[in-house]
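Remarks on the structure that follows.
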Amino acid sequence: MGPRQLVVLGDSGVLGWGDRDGGGWCQRLRMDWMQLPSAPVIYPLGVRGDGIERIAARWRHEWSCRGELRRQHPDGLLLSVGLNDTARIGRSDGRPQLEPDAFAFGISQLLAEMRSVTNVFVLGLTPVDEHVMPFAECLWYSNKAIAATEAALAEQCREANVPFYALHAEIQAQTDWLQWIEPDGIHLNTNGHSWIYNTLQHWPPLLNWAGLSPLNTPTPING
């Protein structure tokens, strides 16, 4: 039997956009686990701009073709998605990319599908710098909408009995969190990605599944 595989699905956060030093929190975790003989292999599968609908359309193919051995499928999937679904189009009170009820229904269906075939873990959403909106001259992100979407995500994870790590409020609790965001207002920079990476090194549900022990050192605020 080969090593376990962890498929990480999501948007530009998973891709590592903004972290010019370490390639993003997922890449940092992949490189860290690569040095541990018994750690799972990580497949970072982030696509810029993806929301829940695009993830739902591609996840099964992405997951099923990375078993490495015949008739084997990855037994871990880490999901990080939802931020792009919160944006309003055209103006600050424009229509959302996805209505909140539709997001809740979509994530409920998605978690049920994923959980029926593999172990699932879910990350919450990162905050934005509202002062530089709109993004790309047409998308308005707000922390109020992000908080509401993360709450819906957390509720669906509770109902599905899926481990969930909330990020939005915890990041904003850090005194210098606005300095962790790129000038575009939505992507994390090196410090932001480093913080998430260090946080995941202490998350018991993921580490227990991976057969690893949490680090005994405190989680650094900056990378």
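Can you tally the net charge around Asn161? Count Lys and Arg as +1, Asp and Glu as -1, for every other residue whose Cβ sits under 14 Å from the Cβ of Asn161.
My count for the surroundings of Asn161 gives 0.
Does the chain classify as rounded, prolate or oblate by the C-alpha gyration tensor (a ≥ b ≥ c root eigenvalues; a/c under 1.5 gives rounded; else a/b over b/c gives prolate, otherwise oblate)?
The shape class here is oblate.
When averaged across all projection directions, what area in nm² does the alpha-carbon convex hull of the stretch 77-183 cover?
About 6.9 nm², averaged over all directions.
Suppose every K and R has +1 on its Cβ and every D and E has -1 on its Cβ; what is the size of the dipole of the stretch 15-164 about the Cα centre, in Debye to the nearest 20?
My answer is approximately 460 debye.
How high is the relative contact order of the chain, given as a whole-number percent (alpha carbon pairs under 8 Å, six or more residues apart)?
Computed value for the chain: 22 percent relative contact order.
Given the peptides 200-211, 30-41, 74-85, arrange them by the average over their residues of other C-beta atoms within 10 Å, most packed first.
74-85, 200-211, 30-41
If you stretched the chain out fully between Glu170 and Arg66, how much longer would it get, using 0.36 nm times the residue separation minus the C-alpha to C-alpha distance?
34.2 nm
Just to check I understand the Karplus step: with θ = phi - 60° and J = 6.51 cos²θ - 1.76 cosθ + 1.60, what whole-Hz values come out for the stretch 37-49, glycine and proline as x?
x, 9, 6, x, 7, 9, 10, x, 10, x, 10, 4, x
Find the accessible area per residue for the stretch 1-55; the probe is 1.4 Å, ligands and nucleic acids are left out, and the unit is Å².
Using a 1.4 Å probe on heavy atoms only, each residue of the stretch 1-55 averages 48 Å².
Helix 100-115: angle to the longest alpha-carbon principal axis of the chain, degrees 0 to 90, nearest 10?
The two axes meet at around 10 degrees.
Need one word for the stretch 125-204: rounded, prolate or oblate. Basis is the Cα gyration tensor (sqrt eigenvalues a ≥ b ≥ c); a/c below 1.5 gives rounded, then a/b vs b/c decides.
oblate
Given the chain, what percent of its DSSP beta bridges are antiparallel, to the nearest 5?
25
The values are calculated or read from the model by the stated rules, or taken from the named source; none is laboratory data. Bear in mind that the values here come from a model prediction, so they are computed numbers and not experimental data. With ideal geometry, Cβ positions are generated from the backbone for all residues, glycine too; neighbour counts draw on all protein chains shown. Just so you know, the surface numbers come from the protein's heavy atoms only, side chains and all, with ligands and any DNA or RNA stripped out. Shrake-Rupley method; radii C 1.70, N 1.55, O 1.52, S 1.80 Å.
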